[in-house]
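Visitor: Quick one: the structure is below, questions incoming.
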Amino acid sequence: MLRSHKVILVSHCVLNQNAVVHPLARSGGPFKAIAQVLMDHDFGIVQLSCPEVLMYGMNRLPMTKTEYDTPDYKALCNKLAQRDFELVQRFLDGDMTVVGIVGIDQSPSCSQINDQGHFKTALNQFEALSNLPQIDIPETYAINTQSAEDFHERLKIWLSHL
């Protein structure tokens, strides 16, 4: 069977902008161009859970990282991180390599690099996930803009080193 044996983890809203809090969505569905770049590199794509939707639903208001900083929300992030890690572990047990993680810059849950989000912090409890190469889609990313084109090029370069 033909397999790349490589998977990449992506924050839920990379493939489903419908999960983003209403005024902040930047695409009708997935970030198609980003998904295409990942597919062009033959990566299997693992969509991580969305703790914000699971905790507060689709009609939630925008909240800051501080507002999400509650025991209940952190417990949910830990529970979802455990579940997502169990899936990732199955890939690792099947001789796959997890090559990296794509997050959303400034997300209170899924920011990977600057001011890590609560869900990213929960994922970090698993050694196999804590040291993965990571990249964040910038806040300025919007389809059909120069910011998007610039990020696509940066993403391609980043992926070529994985």
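Visitor: If I compute solvent accessible area with a 1.4 Å probe over the protein chains, what percent of it on segment 65-116 is carbon and sulfur?
Guide: Accessible surface attributable to carbon and sulfur in segment 65-116 totals 48 percent.
Visitor: Students often forget the sequence filter, so: which lysines lie under 16 Å Cα-Cα from LYS79 once same-chain residues fewer than 8 apart are removed?
Guide: Partners found: LYS120.
Visitor: Continuing with this model, one more query. Comparing HIS41, HIS12, HIS152, which has the greatest mean-square fluctuation in the GNM of the chain with Cα pairs linked when under 10 Å apart?
Guide: Ranking HIS41, HIS12, HIS152 by mean-square fluctuation puts HIS41 first.
Visitor: Under 17 Å between alpha carbons, and skipping anything fewer than 8 positions from LYS156 in its own chain: which lysines qualify?
Guide: LYS6, LYS32
Visitor: I've got another one for you. Taking a probe of 1.4 Å, how large is the accessible area per residue of the chain, in Å²?
Guide: 53 Å²
Visitor: Which ³J(HN,Hα) values in Hz, rounded to whole numbers, follow from the phi angles of segment 25-31 under the Karplus curve 6.51 cos²θ - 1.76 cosθ + 1.60, where θ = phi - 60° and Gly and Pro get x?
Guide: Rounded to whole hertz, the list is 4, 10, 7, x, x, x, 7.
Visitor: Still on this structure: Give the longest segment of the chain that steers clear of trypsin sites (Lys or Arg not before Pro) in DSSP loops with at most 13 neighbouring Cβ atoms within 10 Å, not counting the sites themselves.
Guide: Counting only loop sites that pass the neighbour cut-off, the longest clear stretch is 61-162.
Visitor: Nearest 0.05, what FRET efficiency do THR70 and ARG90 give at R0 = 30 Å with Cβ-Cβ as r?
Guide: In this case the efficiency is close to 0.45.
Visitor: Between GLU149 and LEU24, what length in nm is gained on full extension when 0.36 nm per residue of separation is reduced by their alpha carbon distance?
Guide: Net length gain for the segment: 43.1 nm.
The values are calculated or read from the model by the stated rules, or taken from the named source; none is laboratory data. If you're wondering where the values come from, they're calculated on a predicted model, not measured in any experiment. Here the Cβ is made from the backbone with ideal geometry for all residues, glycine too, and neighbour counts use every protein chain on show. Ligands, DNA and RNA are excluded from the accessible area calculation, which covers all protein heavy atoms including side chains. Shrake-Rupley method; radii C 1.70, N 1.55, O 1.52, S 1.80 Å.
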